[in-house]
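Step one of this worksheet: look at the structure below.
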């Protein structure tokens, strides 16, 4: 297979903090493993991303390297404000009033912050779930979550918790599912093409030049050809084909993941599943002027576009194509209730009234300012309000 070498995504002059010697040693071990995988040639970017994020002892998530919150690499909505979790408490009450089962499943619980806050809110309202299950594929993160929840919650709540590491272990009788920033961290394939010209697609691969990982290109395989044709078909307005090729990504695991979810949840009892993530519609994600795609890396709150820096020590994400999610969800057997911005969703709950009450009860101007800023962070278009979106799926009887 012929290949070309490329250096797209490198940011000259951009410097990140230097990792500790221990972290550097961990990353070097992962680099050695990846180079060994490349003995017979470059590997798909999805394989590289899966290793650097999910290797059980050396990956960013798999090893528990990820750090959440103000002192970590990034801050998710539950870490930023309890108002986000209060919106989910509202959805839980709506689900129970509609006769849904009494279980909650959280996929990828991060530090456990969302689970702690949600269970405390529901306990205060005498509305605890019969069981709170966390699906976590990283043993290190599951251990961290369990420690955080056991030290933060009373025993009578802790006894309702359980952890599983795959869909086949789920014992489910209906309720709600929460997946916050799960899809954006699933391994993606990267390609380059001229938008509007599926036949120009080339597959981006990862090679090693003796000093660092580098981009290489190869012909589009059958999976990429199908994906690019589907992308082109979902764009509902004419595309002005770019003169030059641009980079882009797609999630090859999305359809299979949703089928697994539908099978596991659809056995008994109705379920509402909430998918929160940053992204948009196909036409926006695959714009011709988005020449570097949507791939983003985060290390100690610094964002950049080079996925080959500090393998195993930084986060790598890509925008979620919610039209692709909708199509795959329907094919998996879900009913799609719709998709909206995080701001639209949150403003449609009882959270604005909660914010008003807490502002009035604030003991000082500083407390009021903090609460107001938390809410603005969640709903303002310049913050998380428009960039983050939520889709609700339904399945079961």
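The values are calculated or read from the model by the stated rules, or taken from the named source; none is laboratory data. Fair warning: this is a prediction, and the values are worked out from it, not measured in the lab. Cβ coordinates were reconstructed from backbone atoms using ideal geometry, including for glycine residues, and neighbour counts include every protein chain displayed.
Of all the residues that make up the range 130-156, how many are part of a helix (DSSP H, G or I) and crowded, with 19+ Cβ neighbours inside 10 Å?
5
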Seminar exercise, completed: The strands (runs of 3 or more DSSP E) lying wholly within the range 286-361 that contain at least 3 residues that are free of Cβ contacts under 8 Å to residues at least 60 places away in the same chain and within 20 Å of the chain's Cα centre (by Cα) are 335-341
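Taking residue 309 as the residue in question, decide whether it is surrounded by fewer than 23 Cβ atoms within 10 Å (Cβ to Cβ) and assigned by TED's automatic domain parsing to the domain that holds residue 192.
yes
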Exercise. Can you name the residue in the range 379-397 that is touching a residue at least 24 places away in the same chain (Cβ under 8 Å) and exposed (fewer than 15 other Cβ atoms within 10 Å of the Cβ) and, of all such residues, is farthest from the chain's Cα centre (by Cα)?
Worked result: 397
Exercise. Pick from the range 24-63 the residues that are more than 25 Å from the chain's Cα centre (by Cα) and in contact (Cβ under 8 Å) with a residue 24 or more places away in the chain: which of them is surrounded by the most Cβ atoms within 10 Å (Cβ to Cβ)?
Worked result: 42
Exercise. Across the range 201-228, what is the total count of residues that are closer than 20 Å to residue 320 by Cβ and surrounded by fewer than 19 Cβ atoms within 10 Å (Cβ to Cβ)?
Worked result: 2
Exercise. Is one or more of the residues making up the range 267-280 touching a helix residue (DSSP H, G or I) at 6+ places or on another chain (Cβ under 8 Å), outside any strand (DSSP E or B) and either surrounded by 17 or more Cβ atoms within 10 Å (Cβ to Cβ) or not assigned by TED's automatic domain parsing to the domain that holds residue 196 (or both)?
Worked result: no
Exercise. Only one residue in 376, 300 is surrounded by 14 or more Cβ atoms within 10 Å (Cβ to Cβ), out of contact with any strand residue (DSSP E or B) (no Cβ under 7 Å at 6 or more places or on another chain) and assigned by TED's automatic domain parsing to the domain that holds residue 57, so which one is that?
Worked result: 300
Exercise. Do the conditions hold for residue 355, that is, is it surrounded by 14 or more Cβ atoms within 10 Å (Cβ to Cβ) and within 30 Å of residue 263 (Cα to Cα)?
Worked result: no
For this session: Please state which of the following conditions residue 198 fails to meet, knowing it meets all the rest: (1) buried (at least 22 other Cβ atoms within 10 Å of the Cβ); (2) closer than 30 Å to residue 217 by Cα; (3) without any contact (Cβ under 8 Å) to a residue 40 or more places away in the chain.
Result: (1)
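Here's the yes/no breakdown for (1) closer than 24 Å to residue 114 by Cα; (2) surrounded by fewer than 20 Cβ atoms within 10 Å (Cβ to Cβ); (3) in contact (Cβ under 8 Å) with a residue 24 or more places away in the chain:
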{"position": "176", "(1), (2), (3)": "yes, no, yes"}
{"position": "189", "(1), (2), (3)": "no, no, yes"}
{"position": "192", "(1), (2), (3)": "no, no, yes"}
{"position": "246", "(1), (2), (3)": "no, yes, yes"}
Seminar exercise, completed: Selection from the range 248-266 of residues surrounded by 19 or more Cβ atoms within 10 Å (Cβ to Cβ), farther than 17 Å from residue 321 by Cα and over 16 Å from the mean Cα position of the chain (by Cα) yields 262, 264, 265
Problem set entry | Any helices (runs of 4 or more DSSP H) falling wholly within the range 6-123 and containing at least 2 residues that are modelled with pLDDT under 95 and touching a strand residue (DSSP E or B) at 6+ places or on another chain (Cβ under 7 Å) | 77-80
